[in-house]
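Nothing in this text is a laboratory measurement; each read-out follows from the coordinates by a stated rule. Here the structure is a predicted model, which is why all the values come from computation and not from measurement.
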């Protein structure tokens, strides 16, 4: 099932301010194309979801320095490996950024936006934020990053949530859910309260994939 619109009250923090598990940081801080990296782990495809001209959320406007009531193309997709959803992504492309040679960015269909961004002239990723939360209602907690790209001088946002199935695909080492709970308490206490009881029942023995 495709994820619904990404969580509306995301709290993004600069990536460099967060202490992350090494495996997570390796993926979150990777400056290269996520699409190309995913393709090394299976058959890759893009499953389109929501796609419309709309108004970005308040946090997205702030990250883009976009004035209120300025419209943007909102695009949500799921990235799959071997037909398994591994990344939920949401792109915000201000209409002012979709002019000239950038017009093609608004007509990606089932193609990867990431591959287009890294074509010459290569985009600049000038800021990366991160959060630990849910990409959509009723979906599990996972790590997400929000990147601001500059393509031909124009800004756009790409949020990518790394779903639990990704770590299974790439063979990530499991850690105890107790460590995940402690990390949630430090980074997103409200999320910890939602997804774990005050005394998490699986501090010993049981593990989750990060």
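Quick look at the values:
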{"quantity": "Cα centroid separation - segment 85-159 against segment 53-79, whole Å", "calculated": "11 Å"}
{"quantity": "Normalised convex hull volume, segment 20-124, alpha-carbon set, Å³ per residue", "calculated": "121 Å³"}
